[in-house]
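Reading through the structure tokens given below for one structure.
The values are calculated or read from the model by the stated rules, or taken from the named source; none is laboratory data. Predicted model only: the values in this text are computed from it and were never measured. All Cβ positions, glycine included, derive from the backbone under ideal geometry; neighbour counts span all protein chains shown.
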Amino acid sequence: MLEAIIIYLNIFLGKLLHAIAGKEIHQWKKQITFLKNLLIILISLALFYLSFDLKMIISVVIAFVIFNYFRNIYLSLGLTVFLSMFAAASILLLSLILLLTLIYSSLSKFKTKEIIISTMFFAMPFALLFLETFIKANLSVFTGLAVGSLLSNIKGP
């Protein structure tokens, strides 16, 4: 659970980075967006590799369609952090998610409303903690939901 708190605090660190180096971030926005998209693809590939199943492909498609209209990445990040606790190579996933959270949060200014909404969305998947045995039994379905929701957040500059 400590890793989830560290990744959550990276949201504030990214906002601080934007406040300190806003001109540089604006100047390199295309490259930073490319890096964000690359990290999303790497996290998705790692999740595919760690728990591939036919049910996962179906849930990826369903999540991609649903989250294509829902453009908040923090729910996807919270779900991915939560599912990485059940993964075999959790340190790899968590380090990639840590970088993605820092990069994504540094792309926009600090707004109180955005912080409150992102906190709620990031914390939502952790309400499923009491369903641990159900999640472990259906890990490929939940992982497919996380992958689909992450892939729906890929976009250009």
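Taking Ile58 as the residue in question, decide whether it is farther than 30 Å from Ile20 by Cα and either in a helix (DSSP H, G or I) or at pLDDT 90 or above (or both). Criteria met by Ile58.
For segment 83-117, filtering for residues that are part of a helix (DSSP H, G or I) and either more than 10 Å from the chain's Cα centre (by Cα) or closer than 15 Å to Ala46 by Cα (or both) leaves 23.
Matching residues to (1) touching a residue at least 40 places away in the same chain (Cβ under 8 Å); (2) under 23 Å from His26 (Cβ atoms); (3) in contact with a strand residue (DSSP E or B) (Cβ under 7 Å, 6 or more places away or on another chain):
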site: Asp53; (1), (2), (3): yes, no, no
site: Tyr74; (1), (2), (3): yes, yes, no
site: Ala89; (1), (2), (3): yes, no, no
site: Ser95; (1), (2), (3): no, no, no
site: Thr101; (1), (2), (3): yes, yes, no
site: Ser118; (1), (2), (3): yes, yes, no
site: Phe130; (1), (2), (3): no, no, no
site: Thr133; (1), (2), (3): no, no, no
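State the number of residues belonging to segment 1-16 that are within 19 Å of the chain's Cα centre (by Cα) and at pLDDT 90 or above. Qualifying residue count for the region: 11. Here is a check on your reading of the model: is Ser84 surrounded by 16 or more Cβ atoms within 10 Å (Cβ to Cβ), at pLDDT below 90 and of a type outside the set (A, V, I, L, M)? In short, yes. Look at segment 13-27: where a residue is touching a residue at least 12 places away in the same chain (Cβ under 8 Å) and a partner is surrounded by fewer than 12 Cβ atoms within 10 Å (Cβ to Cβ), sitting 6+ places away or on another chain with Cβ atoms under 7 Å, you get His18/Lys109.
Residue count for segment 42-64 satisfying the condition of being closer than 17 Å to Ala89 by Cα, touching a helix residue (DSSP H, G or I) at 6+ places or on another chain (Cβ under 8 Å) and either surrounded by fewer than 17 Cβ atoms within 10 Å (Cβ to Cβ) or not β-branched (Val, Ile, Thr) (or both): 8. Does Lys36 satisfy being exposed (fewer than 13 other Cβ atoms within 10 Å of the Cβ) and touching a residue at least 24 places away in the same chain (Cβ under 8 Å)? Criteria not met by Lys36.
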